[in-house]
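Colleague: Sending over a structure as structure tokens; questions will come in a sec.
FYI, it's all coordinate maths here, none of it is from the lab. Small disclaimer: the values here were computed from a predicted structure and weren't measured. Here the Cβ positions follow ideal geometry from the backbone for every residue, glycine too, while neighbour counts run over all protein chains shown.
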Amino acid sequence: MGGTTTTGSTAQRLDERYGRRRPSPRRRRALVGAAAAAGAALVAWTVWAGLGLAGEQAVSHQVVGFSDPTPTGVVLTFQVTKDPAATVSCDVRALAEDFTTVGWRTVELGPAQDATLQQAVEIRTQAEAVSAEVMGCELVEG
């Protein structure tokens, strides 16, 4: 225990023991190039995904309200904004007090004169509903 080691020699011994070495300039350039290519691919994918999502948001919906529910049904009134020439399919559901789905229906809305439509839909239920909502609307292809 009488010997002293300098930091440089300790680092050198550890490098030799664990096989660490400085990357060559050629390897470093290759790593930087690969990282730049991966970064460019990530940016390109982000732009592509963002444009794809923007195109899907051509349809929007909003609940206007729902009638006093009965044990067998509820009437949901909602608005859909879309391209007037487009056809959309909307999924609506009725919920019980414990938030379980007690009724479900898919409604198709075809071309119309106005971009915003208001639709009243009866949803048949298995039990009394306390709420109703639009789960989503999407464009129908074709």
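Colleague: Can you list the HN-Hα couplings for region 10-19, worked out from phi with the Karplus curve (6.51, -1.76, 1.60; θ = phi - 60°), rounded to whole Hz and with x for Gly and Pro?
Modeller: For region 10-19, the Karplus-derived couplings read 5, 4, 5, 5, 5, 4, 5, 5, 9, x Hz, x marking Gly and Pro.
Colleague: Over region 60-139, what is the relative contact order in whole percent, taking alpha-carbon pairs under 8 Å and six or more residues apart?
Modeller: 41 percent
Colleague: Put a dot 7 Å past each Cα toward the Cβ at Ala30 and Ser9; how far apart are the dots in nm?
Modeller: According to this spin-label approximation, the distance is 3.5 nm.
Colleague: Spelling out what I want: for every residue of region 101-110, take phi, set θ = phi - 60°, compute 6.51 cos²θ - 1.76 cosθ + 1.60 (Karplus), and round to whole Hz; glycine and proline get x.
Modeller: Per-residue couplings from phi come out as 6, 10, x, 8, 8, 10, 10, 10, 10, x Hz.
Colleague: Nearest 20 debye, what's the magnitude of the dipole of region 7-56 about its Cα centre given +1 on Lys and Arg Cβ and -1 on Asp and Glu Cβ?
Modeller: Here region 7-56 has a charge dipole of around 580 debye.
Colleague: Same structure, new question: Compute the FRET efficiency between Leu42 and Asp91 as 1/(1 + (r/R0)^6), taking r as their Cβ-Cβ distance and R0 = 35 Å, and round to the nearest 0.05.
Modeller: Calculated transfer efficiency: 0.55.
Colleague: Which residues' amide hydrogens lie under 5 Å from the amide hydrogen of Ala132, considering only partners 5 or more residues apart or on another chain, with H built in the peptide plane?
Modeller: Correct list: Leu95.
Colleague: Place the peptides 66-79, 12-25, 95-108 in order of packing, highest mean first, counting for every residue the other Cβ atoms within 10 Å and averaging per peptide.
Modeller: Result, highest mean Cβ count within 10 Å first: 66-79, 95-108, 12-25.
Colleague: Go through [x] 2.13; [y] 1.55; [z] 1.23 and flag the label whose value is the computed Cα Rg over 2.2 N^0.38 Å for this structure.
Modeller: From the options [x] 2.13; [y] 1.55; [z] 1.23, the structure gives [x].
Colleague: Show the residues, 5+ positions off or on another chain, whose built amide H is closer than 5 Å to the amide H of Asp83.
Modeller: Under 5 Å from the amide H of Asp83 lies no amide H from a residue far enough along the sequence or on another chain.
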